[in-house]
Amino acid sequence: MADMRKAVVLLSGGMDSCVCAAVARQQHGAENVALLHASYGQRTASRESRAFREIADFYAIERRLMVQLDHFRAIGGSALTDASIAVPENQLDSGAPHAGAVPVTYVPFRNAHFLSVAVSWAEAIGAGSIYIGAVAEDSSGYPDCRPEYYQVFQELIRVGTRPETRIQIITPVIALKKNEIIRRGIELGAPLHLTWSCYQNDEEACGVCDSCLLRLRAFSEAGIPDPIPYRRAASVRL
């Protein structure tokens with residue numbers, strides 16, 4: 001039987017998942033939280049793994065699982081996993097001809113792979129919930145970050161696990177804007193200084209990819225300085 005006190009948290013090392021972990025820790029206690037990190041052949045895999053470990057240490061969460069999903073690099077089709085596809089720079093809100101389309105940084109059906117690992121682990125350890133830091137609003141427009149995606153996956157869990165298994169997907173930041181996520185993180189004492197969002201650099205964030213621009217805009221809107229280093233920070237439209 002699932003223990004609703006136990007929770008698996010998908011922690012990429014980014015800002016959204018860090019705040020998600022803070023919410024889970026507040027709800028369940030560090031002793032009942034298990035942290036899952038999936039590397040998938042992305043450009044900044046080593047930096048994101050470091051962020052995961054540092055955030056886990058900050059929260060003193062001992063139960064951790066790090067997995068390698070390297071097949072994404074072989075599959076390709078994304079600027080995050082295929083070196084032949086350039087990461088777009090300074091194109092957020094650009095009004096380009098393809099504005100509104102799913103960006104090239106989308107990794108095909110990635111979150112289903114993450115959730116599958118999380119469900120397997122949650123069922124094995126008897127956890128009753130899975131936290132994921134998906135954001136529908138104010139995001140890059142990825143189709144696997146929409147609320148309906150998680151509603152459908154919830155049904156898949158119901159029909160694809162043991163009859164006695166009860167696992168709930170929890171998306172605590174899905175309806176928030178990025179600046180609201182920052183404010184929520186500050187309220188919870190989340191270590192935003194340990195998070196990493198850049199799509200292409202490991203030491204200093206590039207400041208010009210969509211993820212950096214969204215992050216910089218959010219911190220500006222929240223009226224809080226971004227604590228991570230940037231190689232160059234482009235001006236962002238508020």
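For the reader, a short list of remarks on this structure follows.
- Packing-based ranking, highest mean first, of 82-88, 28-34 given that Cβ atoms within 10 Å are counted: 28-34, 82-88
- Gyration tensor verdict on the stretch 137-192 (Cα atoms; rounded if a/c is under 1.5, prolate if a/b is larger than b/c, oblate otherwise): oblate
- Computed log10 I(q)/I(0) for the stretch 168-208 at 0.18, 0.19, 0.31 Å⁻¹: -0.69, -0.75, -1.03, from the Debye equation with unit scatterers placed on every C-alpha and solvent omitted.
- Every Cα-Cα pair in the stretch 1-129 was counted, and those over 19 Å apart are 55% of them.
- Measuring nothing but how far apart in sequence close Cα pairs (under 8 Å, 6+ apart) lie, relative to its length, the stretch 1-138 scores a relative contact order of 37 percent.
- Extension gain, residue 68 to residue 120, is 17.2 nm, computed as 0.36 nm per intervening residue step minus the present C-alpha separation.
- From the largest down, the chain spans 51, 37, 29 angstrom on the principal axes of its Cα atoms.
- Local electrostatic count at residue 188 - Lys and Arg +1, Asp and Glu -1, tallied over other residues with Cβ under 14 Å: 0
- Note on the stretch 136-238: Rg/Rh from Cα positions, Kirkwood definition for Rh, rounded to two decimals, is 1.07.
- Considering only the Cα atoms of the stretch 110-167, their convex hull presents on average a projected area of 3.9 nm².
- Rounded to the nearest 20, the Cβ-based charge dipole of the chain about its Cα centre (Lys and Arg +1, Asp and Glu -1) stands at 180 debye.
Only the coordinates and a few stated rules stand behind these numbers; no lab work does. What you see is a predicted model; the values in this text were computed from it and never measured. Here the Cβ is made from the backbone with ideal geometry for all residues, glycine too, and neighbour counts use every protein chain on show.
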